[in-house]
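These notes concern the structure reproduced below.
Each value in this text was obtained by applying a stated rule to the coordinates, not by laboratory testing. Quantities reported herein were computed from a predicted structural model and do not represent experimental measurements. Every residue, glycine among them, receives a Cβ derived from its backbone with ideal geometry; neighbour counts consider all protein chains shown.
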Amino acid sequence: GYPPAAPSSKTLKALPGAAAENEVGSANFTVQWTESAVDPAFAEVVISHLEDAWAALIERDGWDAPMTSEDHKVLVWLTPDLAAPGLATGEPTEAFPSGQPIIYLNPTMLTDAAYLQQVAHHEFVHTTQFHLRDWYGGTASEAWYWEASAEWLTEYVDPLANGQAWISTFYADNPGVAYDTVNGGHEYAMFLLNAYLDE
C-alpha cells in the first residue's frame, strides 16, 4: 500500500494580504504592527485571547465564524493612533468583496491585563456579527444592541473574568434614559438585558 498522504497546505489559513514588518500568527489570526514601540509580548497576549474567543464561540458554541476566515486569518492591527481601545470592521475590500474582518487595538489604552482580555473578546464578537449583517447600514437605534450583545458574549468566552461587570455602572448611573441611548457607555452596559434574559 501507499503511505498516508501528507496533510494539505490548504489546511493552513493564508494571510489576508502582505504582512507588515512585524507579525505574530496563530491558527486563526495574524497580529501585525509597524510602530517600533509595540512590544511583541503584547501581540502574543492578544493572539492568545483571540484564540480563546474562537475556541469558545466558534468551536464550542457554534457561532458563525468571521467572514473570509475559512481560508484566511483574521487581521488584527495594533496602532496607538486609534482613538479608542478597540474597533472592529467588516468593510468590503477589493480582495474580499463580501467584507473583510479587521480588528484594530490600541496598545497604549490596553495596559491593564483584564481590560485587554475583555476588549479583545468584545472586538472578536463584532467580527462574527459582521458575518451576519453590517450594522453600519442600519438605523442609529441599532448601535446599542450591537455593543450590548458583544459585551455579553465576553461572558461566554471566560465566565470567571467578569470583565464586563464594571461597565454595568454606566447603566446604574443612568437607569432612566432610553434603552437605545448611545453615550459612550450606556450601550455597553445594556448587556444587562442579555444577562437578564439568559440567566
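By average Cβ neighbour count within 10 Å, what is the ranking of 107-117, 25-35 from highest down? Don't jump to the answer; show the numbers that get you there.
Values: 107-117: 15.4, 25-35: 19.4.
Peptide ranking by packing, descending: 25-35, 107-117.
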Take the chain, compute every pairwise Cα distance, and split them into 10 Å bins from 0; I just need the percent in each bin.
8, 34, 35, 16, 4, 1, 0, 0
Using every Cα-Cα pair within segment 16-61, state what percent have a distance larger than 13 Å.
56
With θ set to phi - 60° and the Karplus curve 6.51 cos²θ - 1.76 cosθ + 1.60, what are the ³J(HN,Hα) couplings of segment 60-75 in order, to the nearest whole Hz, using x for Gly and Pro?
7, 9, x, 5, 5, 6, x, 3, 6, 7, 5, 10, 10, 6, 7, 7
What residue among 20, 189, 162 has its Cα farthest toward the positive end of the dipole of the chain, where the charges are +1 on Lys, Arg and -1 on Asp, Glu, each on the Cβ?
20
If Lys and Arg each add +1 and Asp and Glu each add -1, what is the summed charge of the other residues whose beta carbon sits under 10 Å from the beta carbon of residue 122?
-3
Report, largest value first, the span of the C-alpha coordinates of segment 49-164 along each principal axis, in whole Å.
37, 34, 33
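Going through the DSSP H helices of the chain, which span 15 Å or more along their own axis at the Cα atoms while scoring at least -0.5 as a mean Kyte-Doolittle hydropathy?
Values: long enough: 40-53 (20 Å, 0.63); 113-132 (30 Å, -0.13); 143-157 (22 Å, -0.26).
What comes out of the filter, once short or polar helices are dropped, is 40-53, 113-132, 143-157.
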If the elastic network links every pair of Cα atoms under 10 Å, which of 15, 87, 105 fluctuates the most in the Gaussian network model of the chain?
15
